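Visitor: One structure is given below, represented as structure tokens, and several questions about it will come after.
The values are calculated or read from the model by the stated rules, or taken from the named source; none is laboratory data. Predicted model only: the values in this text are computed from it and were never measured. In this analysis, Cβ positions are derived from the backbone assuming ideal geometry, glycine residues included, and neighbour counts consider all displayed protein chains. Surface areas here come from the heavy atoms of the whole protein model, side chains and all, with no ligands, DNA or RNA. Shrake-Rupley method; radii C 1.70, N 1.55, O 1.52, S 1.80 Å.
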There are 2 protein chains.
Amino acid sequence: MQEEGVDALLLSVGPDLPYFTGYEAMPLERLTMLVVPRESDAVLVVPRLEAPRVEERPEVFCVDAWDEVDDPVARVAALVDGARSVAVGDHTWARFVLAMQSALPRAQFCAASHVTAPLRAVKDADEIEALYAAARSVDEIAIEMRERPFAGRTEREVHRELMERILDVGHERVNFAIVATGPNAASPHHDPADRVIAKGDVVLCDFGGTMHGYCSDITRMFAVGEPDAEVRDAYAALRVAQEAGVQSAQVGATYEAVDAAARDVLVGAGFGDAFVHRTGHGIGMEAHEDPYVVAGNTTELVAGHAFSIEPGVYLPGRFGLRLEDIVVATADGPRRLNDAPRDLAIVA
Amino acid sequence: MQEEGVDALLLSVGPDLPYFTGYEAMPLERLTMLVVPRESDAVLVVPRLEAPRVEERPEVFCVDAWDEVDDPVARVAALVDGARSVAVGDHTWARFVLAMQSALPRAQFCAASHVTAPLRAVKDADEIEALYAAARSVDEIAIEMRERPFAGRTEREVHRELMERILDVGHERVNFAIVATGPNAASPHHDPADRVIAKGDVVLCDFGGTMHGYCSDITRMFAVGEPDAEVRDAYAALRVAQEAGVQSAQVGATYEAVDAAARDVLVGAGFGDAFVHRTGHGIGMEAHEDPYVVAGNTTELVAGHAFSIEPGVYLPGRFGLRLEDIVVATADGPRRLNDAPRDLAIVA
């Protein structure tokens, strides 16, 4: 906070609050906000009815419970009275930001990520262990799916099965379970629909959740019966691109260089226009977080950074492919946390 | 917008965007924003990779897809250039609000709910039908649970079963499934834990999801074996309080009067201090939305308003009780959408 000239940090919904305190705000209309003044003790302003959810940790913060007829924004404003620079958590709802600005007209507001993102980006050994445990759990699901029948089921049915398996293997929350089949997979963030899977389809499954506070995220591809030559060729290029992305993820490299390493392979194979997104995103307590593996990001990899490497090939009206692992940058080179087989699995 | 003096409306994550357009923004770091200038056509600024998710509806909006290296905030700012008053969706992430304010330094920002909440609060016949269908679905679950065994299972196990049943009966999303047992139920928003349910426990189940875009929300109580006199007496008072709240929900009454109608019963029965929250909340595309049934809310009920009536009694260290139905205000008086039995069900 001192380096960034921030007088007070205000954390509400989103991952910053549990990262620093272990307590997660409910994403509802009653304001929860941890007020962290630079020079005094932190106070958690919390709705009275949620105060019993807080396992009080006086070494971390005091609790200030507000009643239904109180104005929580006024409580927060009183706690940071005189602050000139206020950093507010990136996911805080607009209504609360605007109300805080009205209550503190002389303060300058900035995004808390200036303070929090560099801290969260470098994972310690416990965090990497948590990411690894989450990754192994979804690996288990990806491996099982190689033996499951796909033909005759709808995208929604497979989606539902994935959600249940994510909880079964120990996640407390499902974050997403994309099941995109045939031409639907050309939409990278396709919502599961009632399309019935048939022989000849290629199926994209991209799924993950939160386990002990840390996220998993994996993408694997399944072909119902032998795929045709066009799919095989595109998938072969994708595997090389993903491997190139992973191998380029060396401490000291820039994120834009990692993006380029994967992208160059697909451009060389004639799929440059079909790779419509960045190569990856950071991962931790949030499914997508800093740093992003994207053109223009000149940030350098640091040991302890964790991120996805997930190039894709999307051919509208035909099919879509993506292959994704979570990788941690280490002094000894990139460490993949996922190790489910990366071939295009042939399923029934 | 004219009445509120708003030149441009900016809608991102949250229910306003699907309410007006049918499209829901992904709650991720890539900005989706519908720009609605007062005097010209609406434009949906959307990440390129999510553009295929948009079923383009040119009668509602044009699509402006941005690439990974573009600045979406600059795109939005260019579309509202010259606007003096900008209303931004209540759930929009702080990082985007702050970036928009930097990009439009001469604009005044306010919460979009000034424009959208009064429109969303009055439900039309189709919306009430959707709320009713969702309510009947969770009624079905509440009725089934009366025949299920509770003793020997953990809160987490019952929570998981509720989540699965909410999806089974046709919801596309689980919003919450509170299972609070014994003394844990004295925490109104208790997170399900590993506590094993035993004979003598009273169990609070408060659950709901989103079905065809509209939310369900019900609370029913279960006693494992015959409850003691203290629980029976408190529950009897709670039923009277809930009935009084429902019956007071007449068009033209104020929301604070509805809150008082339920609260007065519990105060009279000696449980005033144990009822630590407001009586209810509006419901629609959002689980909690305007109007709120709370002291100080002098808004009057209008036909088509939908809201919960859910008084509670919380006795720390002992037990907690809540009873909740969704109610619609009509010219003919209050209409309950839930009709699962409201007695304290005795279960095994």
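Visitor: Look at the stretch B:274-317 and say how many of its residues are open to solvent by less than 20 Å² (accessible area, probe 1.4 Å), of a type in the set (Gly, Ala, Ser) and within 12 Å of chain A (Cβ to nearest Cβ).
Guide: 5
Visitor: Go through the stretch B:19-35 and count every residue that is assigned to a loop (DSSP other than H, G, I, E, B) and either within 11 Å of chain A (Cβ to nearest Cβ) or on the phi < 0 side of the Ramachandran plot (or both).
Guide: Kept after step one, since they are assigned to a loop (DSSP other than H, G, I, E, B), are these residues of the stretch B:19-35: B:22-32.
From what's left, either within 11 Å of chain A (Cβ to nearest Cβ) or on the phi < 0 side of the Ramachandran plot (or both): B:23-32.
Residues meeting the conditions: 10.
Visitor: Spot the failing condition for B:Ile128; the list is (1) crowded, with 22+ Cβ neighbours inside 10 Å; (2) more than 12 Å from every other protein chain (Cβ to nearest Cβ); (3) assigned to a helix (DSSP H, G or I), and only one is missed.
Guide: Unmet for B:Ile128, out of (1) crowded, with 22+ Cβ neighbours inside 10 Å; (2) more than 12 Å from every other protein chain (Cβ to nearest Cβ); (3) assigned to a helix (DSSP H, G or I): (1).
Visitor: What do you reckon, is A:Val76 within 14 Å of chain B (Cβ to nearest Cβ), free of Cβ contacts under 8 Å to residues at least 40 places away in the same chain, outside any loop (DSSP other than H, G, I, E, B) and among the hydrophobic types (A, V, I, L, M, F, W, C)?
Guide: Judged against the criteria, A:Val76 is not a match.
Visitor: Checking B:Pro18 against (1) open to solvent by less than 30 Å² (accessible area, probe 1.4 Å); (2) touching a Ser or Thr at 6+ places or on another chain (Cβ under 7 Å); (3) within 22 Å of A:Ala193 (Cβ to Cβ), which test does it fail?
Guide: So the condition that B:Pro18 fails would be (2).
Visitor: Considering only the stretch B:203-228, state which residues are more than 23 Å from the chain's Cα centre (by Cα) and open to solvent by 10 Å² or more (accessible area, probe 1.4 Å).
Guide: Within the stretch B:203-228, B:Gly225, B:Glu226, B:Pro227, B:Asp228 qualify.
Visitor: Here is a further query. Taking B:Glu324 as the residue in question, decide whether it is modelled with pLDDT of 95 or more and open to solvent by 10 Å² or more (accessible area, probe 1.4 Å).
Guide: On the way: modelled with pLDDT of 95 or more: yes; open to solvent by 10 Å² or more (accessible area, probe 1.4 Å): no.
For B:Glu324, the condition - modelled with pLDDT of 95 or more and open to solvent by 10 Å² or more (accessible area, probe 1.4 Å) - is not met.
Visitor: Give me the residue from the stretch B:86-102 that is facing chain A (nearest Cβ under 7 Å) and open to solvent by 10 Å² or more (accessible area, probe 1.4 Å) and, out of that set, farthest from the chain's Cα centre (by Cα). Lay out the reasoning, then the answer.
Guide: Restricting attention to the stretch B:86-102, the residues satisfying the condition of being facing chain A (nearest Cβ under 7 Å) are B:88-95, B:97-98.
Adding the requirement that they be open to solvent by 10 Å² or more (accessible area, probe 1.4 Å) leaves B:90-91, B:93, B:95, B:98.
Details: B:Asp90: 14, B:His91: 14, B:Trp93: 19, B:Arg95: 24, B:Leu98: 27 Å.
Out of the qualifying residues, it is B:Leu98.
Visitor: Moving to a separate point now. Select, from B:Asp168, B:Asp139, the only residue that is touching a residue at least 40 places away in the same chain (Cβ under 8 Å) and under 14 Å from B:Met211 (Cα atoms). Lay out the reasoning, then the answer.
Guide: Details: B:Asp168 fails: touching a residue at least 40 places away in the same chain (Cβ under 8 Å).
Of B:Asp168, B:Asp139, the one residue that is touching a residue at least 40 places away in the same chain (Cβ under 8 Å) and under 14 Å from B:Met211 (Cα atoms) is B:Asp139.
Visitor: From the list A:Pro72, A:Pro27, A:Pro58, pick out the single residue that is closer than 19 Å to A:Ala111 by Cα and either out of contact with any helix residue (DSSP H, G or I) (no Cβ under 8 Å at 6 or more places or on another chain) or polar (S, T, N, Q) (or both). Let's see the steps before the verdict.
Guide: Working: A:Pro72 fails: closer than 19 Å to A:Ala111 by Cα; A:Pro58 fails: closer than 19 Å to A:Ala111 by Cα.
None of the others qualify; the one that does is A:Pro27.
Visitor: Could you run through the stretch A:38-63 and say how many residues are away from chain B (no Cβ under 14 Å) and surrounded by 19 or more Cβ atoms within 10 Å (Cβ to Cβ)? Spell out the reasoning first.
Guide: Of the residues in the stretch A:38-63, the ones away from chain B (no Cβ under 14 Å) are A:38-45, A:57-62.
Still in the running and surrounded by 19 or more Cβ atoms within 10 Å (Cβ to Cβ): A:43-45, A:61.
Summing the residues that are away from chain B (no Cβ under 14 Å) and surrounded by 19 or more Cβ atoms within 10 Å (Cβ to Cβ) in the stretch A:38-63 gives 4.
Visitor: Right, here's the next one. From the residues in the stretch A:64-73 that are more than 10 Å from chain B (Cβ to nearest Cβ) and hydrophobic (A, V, I, L, M, F, W, C), which one is farthest from the chain's Cα centre (by Cα)?
Guide: A:Trp66
Visitor: What is the one condition in (1) within 14 Å of chain A (Cβ to nearest Cβ); (2) open to solvent by 30 Å² or more (accessible area, probe 1.4 Å); (3) not in a helix (DSSP H, G or I) that B:Glu147 does not satisfy?
Guide: Among (1) within 14 Å of chain A (Cβ to nearest Cβ); (2) open to solvent by 30 Å² or more (accessible area, probe 1.4 Å); (3) not in a helix (DSSP H, G or I), the lone unmet condition for B:Glu147 is (1).
Visitor: When the stretch A:103-125 is examined, which residues are found to be farther than 16 Å from A:Phe307 by Cα and either surrounded by fewer than 15 Cβ atoms within 10 Å (Cβ to Cβ) or not small (Gly, Ala, Ser) (or both)? Spell out how you get there, then give the answer.
Guide: So the first thing to find is which residues in the stretch A:103-125 are farther than 16 Å from A:Phe307 by Cα, and the list is A:103-116.
Residues satisfying the conditions are A:Leu104, A:Pro105, A:Arg106, A:Gln108, A:Phe109, A:Cys110, A:His114, A:Val115, A:Thr116.
Visitor: Suppose we filter the stretch B:257-267 for residues that are touching a residue at least 12 places away in the same chain (Cβ under 8 Å) and surrounded by fewer than 20 Cβ atoms within 10 Å (Cβ to Cβ); how many remain? Spell out how you get there, then give the answer.
Guide: Of the stretch B:257-267, the ones touching a residue at least 12 places away in the same chain (Cβ under 8 Å) are B:258-266.
Applying the additional criterion that residues be surrounded by fewer than 20 Cβ atoms within 10 Å (Cβ to Cβ) yields B:260, B:264.
The qualifying residues number 2.
Visitor: When the stretch A:152-175 is examined, which residues are found to be out of contact with any helix residue (DSSP H, G or I) (no Cβ under 9 Å at 6 or more places or on another chain) and open to solvent by less than 50 Å² (accessible area, probe 1.4 Å)?
Guide: A:Thr154, A:His159
Visitor: For the stretch B:197-206, indicate whether the set of residues that are closer than 22 Å to A:Val174 by Cβ and among the aliphatic types (A, V, I, L, M) is non-empty.
Guide: Quick first cut of the stretch B:197-206, residues closer than 22 Å to A:Val174 by Cβ only: B:205-206.
Next, only the ones that are among the aliphatic types (A, V, I, L, M) stay: none.
No - not one qualifying residue is present in the stretch B:197-206.
Visitor: For a quick check of your reading: which strands (runs of 3 or more DSSP E) sit entirely within the stretch A:279-348 and have at least 2 residues that are closer than 24 Å to A:Thr210 by Cβ? It would help to see each step written out before you state the result.
Guide: On the way: elements: A:280-282, A:289-293, A:306-309, A:312-315, A:319-322, A:325-330, A:333-336, A:345-347.
Correct list: A:280-282, A:289-293, A:306-309, A:325-330, A:333-336.
Visitor: Farther than 30 Å from A:Tyr19 by Cα and touching a Leu at 6+ places or on another chain (Cβ under 9 Å): is that true of A:Pro227 in this structure? Don't jump to the end; show me each part of the working.
Guide: Details: farther than 30 Å from A:Tyr19 by Cα: yes; touching a Leu at 6+ places or on another chain (Cβ under 9 Å): yes.
It is true that A:Pro227 is farther than 30 Å from A:Tyr19 by Cα and touching a Leu at 6+ places or on another chain (Cβ under 9 Å).
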